[in-house]
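Notes follow the structure.
Just so it is clear, none of the values below were taken in a lab; they were calculated from the coordinates. All values derive from a computational prediction rather than experimental measurement. Quick reminder, even Gly has a Cβ in these numbers, built from the backbone with ideal geometry, and neighbours come from all protein chains shown.
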Amino acid sequence: MIREGKWEDLPRVLELIKELAEYEHAPDEVTNTVAMMEKDGFGPIPAYGFLVAEADDTIVGLALYYYRYSTWKGKRLYLEDIIVTEAFRGKGIGKQLFEIVLKKTLSDKCTGMMWQVLDWNKPAIDFYKKYQTNLDSEWINCNLESSKIKEILNLK
């Protein structure tokens, strides 16, 4: 069963996020907390939304998304992560989550959907190719952590 996520799902959602970080060889990179997710997702201006997949009364999958605005394309849905716990992979849960997010993209009047995939994640790349996804090799991902921003701006 796929449904909209609720705040009480957040502890399990964070577990899935940590499982993904392990899979992506970056377990120490997760600094998010349930409290942060509660504030950011259920406060006055939610920064994200999410869907969960349940099997046997347990959350086994997650699709977390938000909206961004492209100067060239307009409103876009950004799929931050799609996660299915290891024991449930290969059962079509990821496909169901992905296709519901595709439908949400259209129902929310977005001009398209965007996401990232690691270049070494062959199972994910093969999955996305089934949807005739444009895999862009031109753009380089950039980011600055808040600690570095404070350093650049000489803030303590």
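Worth a mention:
- 3J(HN,Hα) from dihedral phi, the stretch 141-152, Karplus parametrisation 6.51/-1.76/1.60, rounded to Hz, x for glycine, proline: 6, 10, 7, 10, 6, 4, 4, 6, 4, 4, 5, 4
- Separation in nanometres of the label points that stand 7 Å from Cα toward Cβ, at residue 155 and residue 45: 1.6
- For the stretch 25-35, putting each phi into the Karplus relation 6.51 cos²θ - 1.76 cosθ + 1.60 with θ = phi - 60° gives couplings of 6, 9, x, 7, 7, 7, 10, 5, 9, 4, 4 Hz, in residue order, rounded to whole numbers and with x for Gly and Pro.
- For residue 112, distant residues with modelled amide H under 5 Å away: 77
- Taking amide hydrogens as placed 1.01 Å from N in the peptide plane, the amide H of residue 80 sits under 5 Å from those of 64, 65, 66, each at least 5 positions away in sequence or on another chain.
- Pairs spanning more than 31 Å between alpha-carbon atoms, out of 75/129; 39/73; 109/148; 6/156; 39/122: 109/148; 6/156; 39/122.
- Over the chain, relative contact order from alpha-carbon pairs under 8 Å, at least 6 apart, %: 17
- Simple label model, 7 Å out from Cα along Cβ direction - residue 91 to residue 69, nm: 4.1
- The value obtained for the stretch 1-68, namely the Cα convex hull volume divided by the number of residues, is 95 Å³ per residue.
- Cα gyration tensor, the chain - rounded (a/c under 1.5), prolate or oblate: rounded
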